[in-house]
Amino acid sequence: MSRIARMGRGIDTMRLAQFGALALSLLVSGSAFSQQQRFNTIEAAKNGWFAEQSRSATWYLSQHKRITTAIATLQPQRPGVVDAYVLSIGLDSDPVFTRESAEAANVLARRYGAAGRTLHFAAGADDKATGPAQGSPSNLAIGLAAIAAKMDPKEDVLILFATTHGDPVSGLAYRDGEYAGGMIGPQRLANLIDGVGIKRRMVLLSACFSGIFLPLLTNDQTVIVTAASSQRTSFGCAPGNDWTFFGDALVNNALRKPQTFDAAVGEATRLISDWEGQLRLVPSRPQVFVGDNARVWLDALEDKMPKTSTAKVGRPAIISD
């Protein structure tokens, strides 16, 4: 495995500083004001700061077309049926996150009967009119609102899969080369989901330090699985990889099989532990939370899951160029 693949998936100090400088240059105007005000990325992450630069008008138009098309395909909920709505998002333009979020959308849609009720967004979008919409904080918010408008919050379920780099304080990173940067903190993600009235939710976070999201996202109707604890990195994020360790173990292996959610999570955590042990990595310690009343909708969804497995795709995360 290459050195990049073996490194943790956290955002380093230099990258955070670059994000802050980018946001400052775009969001703060006037030299006098900029000298008096200091852009604090940690505080800003609580509110979900992000910035874009050097985007063409064509790019913005393509985004409008892509997300409008994606939302238009969402099917309404069915009264009397527990419908799942999947939102899978890659928030960093490194190809591993695009590949992982795309296949996660497929696997989760099949397992939970969400065909026609699934959105996939991925950072690094070009300026063509077709393809996944940009995996950005703003499109994440739009996607959540669009799903909330289609579902019955008392009956249906949001399944959110997000994959990117992570920070132990600021949360999930948004990055698209030199074009965009930002962070989505736990408070911001909680505010977005709670703000559209979605209580029944499964949140799967594939990022370093993603355990920091548990305290603010949990309720008695929530299921959460994170790639790492609040103090640990996760692994496998080399750009050339097809999967991170977490995505490969949970999505590409465990959730493809007709086994219970508990069994799937157990299999995934064992696989991750085995891989980390083989490479002598500091354990990432994935976190799992299941709310007291979440079994009602989880059992309803899993009673209808396919009875056959699907074949894994891509190279195993433990293998890297």
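Details
- The overall shape of the range 78-227 is oblate: from the C-alpha gyration tensor, with semi-axes ordered a ≥ b ≥ c, the ratio a/c is 1.5 or greater and a/b is no larger than b/c.
- Reach of LYS65 by Cα under 19 Å, taken over lysines that are not fewer than 8 positions away in the same chain: LYS128
- Each residue, GLU178 and VAL288, gets one label point 7 Å from its Cα in the Cβ direction; the gap between the two is 4.5 nm.
- Sequence-distant lysines (8 or more away, or on other chains) whose Cα lies within less than 24 Å of LYS304: LYS150, LYS154, LYS199, LYS257, LYS312
- Listed by chain and number, the aspartates and glutamates whose C-alpha is less than 18 Å from the C-alpha of LYS46, apart from same-chain residues fewer than 8 away, are ASP167, ASP194.
- Peptides 81-87, 224-230, ordered by how many other C-beta atoms sit within 10 Å of their residues on average, highest first, read 224-230, 81-87.
- The alpha carbons of the range 203-309 occupy a box of 39, 35, 22 Å along the principal axes, longest dimension given first.
- Distance in nm between pseudo-label sites at GLU155 and ARG270 (7 Å out along the Cβ direction from Cα): 3.8
- Most to least packed among 275-286, 51-62, 200-211 [average Cβ atoms within 10 Å]: 200-211, 275-286, 51-62
- Considering only THR164, THR310, THR98, the mean-square fluctuation computed in a Gaussian network model of the chain, springs between alpha carbons under 10 angstrom, is largest for THR310.
- Distance cut-off 26 Å, percentage of C-alpha pairs in the chain lying past it: 43
- Within a Gaussian network of the chain (alpha carbon springs, distance under 10 Å), most fluctuating of ASN253, ASN293, ASN106: ASN293
Values quoted throughout were computed directly from the atomic coordinates according to the rules given, and no laboratory measurement underlies them. Quantities reported herein were computed from a predicted structural model and do not represent experimental measurements. Reconstructed Cβ throughout: ideal geometry from the backbone, glycine too, with neighbour counts over all protein chains shown.
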